[in-house]
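A quick write-up on the structure given underneath.
Please treat every number below as a calculation from the coordinates, not as lab data. Worth saying up front: this structure is predicted, and the values here are computed from it rather than measured. Note that each Cβ is placed from the backbone with ideal geometry, even for glycine, and that neighbours are counted across all protein chains shown.
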Amino acid sequence: MSIQAKLHHLRAIQNLLAPYRYLYCVDLEATCDDVGVNESPRSLVVVPDQMETIEIGLVVIDLESLEIVGEFQRFVRPQIHPTLTDFCKKLTSIQQTDVDSARTYQEVGDELRMFAESYLNAAWASWGDYDARQLERDAAFAGCPSLLEGLPHFNARKWHAGLYDDRPKSLKQTVESLGLVWRGSYHRGIDDARNVASIIKEMLG
Ligand code: AMP
Ligand code: MG
């Protein structure tokens with residue numbers, strides 16, 4: 001990709017973000033299941049349509065300084081499948097006690113709205129479109145407004161694909177391919193959100 005094409009793409013991203021003071025970098029973990037290679041065939045305990053958020057990690061970037069100015073992390077208690085599968089606990093390192101002692105999606109939404117009052121005029125971004133779809137699914141299950149309702153969403157993976165014309169990579173591979181240091185546990189909401197924030201800072205900086 002030519003330097004001009006990259007610059008053009010960067011300007012387009014900067015124009016999209018120009019109306020906002022803050023960008024919330026968000027990553028969710030959710031209930032899930034998969035059948036291991038050594039397991040006999042069985043049906044999934046959690047099918048994709050029934051995934052529920054169990055952790056939200058959110059890192060606030062001040063778009064004026066490109067500094068991280070806040071963080072929000074909560075575990076969320078799932079309602080449809082309150083017991084985490086072994087697969088989910090292994091993937092995310094989230095334990096049953098973490099979600100048992102957590103508040104519901106609706107309660108965490110109230111806490112997040114209070115947190116967000118300190119960072120008005122915001123948009124949010126995540127790595128891919130999964131997180132935005134997951135929040136809608138949670139809201140439908142809980143019969144309440146979606147977390148981050150009303151805030152525009154941007155797909156940072158698409159931004160990255162436009163700036164670096166390479167094959168799609170996972171979040172962790174992308175961090176490493178940019179020469180950044182991966183921090184924390186992969187597939188933990190707050191750590192993934194911190195790493196999404198480093199990618200975005202690197203792209204915009
Ligand atoms: P991530 O942000 O990549 O950690 O993934 C978010 C959620 O997607 C996880 O908490 C899981 O519910 C689901 N997920 C991610 N990777 C897998 C996988 N390999 N198999 C099944 N579900 C997954
Ligand atoms: Mg994650």
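Values for this structure:
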item	result
Vicinal HN-Hα couplings computed from phi for the range 145-156 (Karplus, 6.51 cos²θ - 1.76 cosθ + 1.60; Hz; Gly/Pro x)	x, 5, 4, 6, 4, x, 8, x, 10, 10, 9, 5
Cα-based helix-to-principal-axis angle, 189-204 vs the chain, degrees rounded to 10	10 degrees
Relative contact order [Cα under 8 Å, 6+ residues apart], the chain, whole percent	27 percent
Folded to 0 to 90 degrees: helix 105-116 orientation relative to the chain principal axis, Cα	30 degrees
Degrees separating the helix 3-17 axis from the principal Cα axis of the chain, which is the longest one	60 degrees
Ordering of 44-55, 186-197 by packing [mean C-beta count within 10 Å, highest first]	186-197, 44-55
Nonlocal amide H pairs with R103, under 5 Å, H built at 1.01 Å	R77
Under 20 Å from K90, Cα to Cα: lysines that are on another chain or at least 8 residues apart	K172
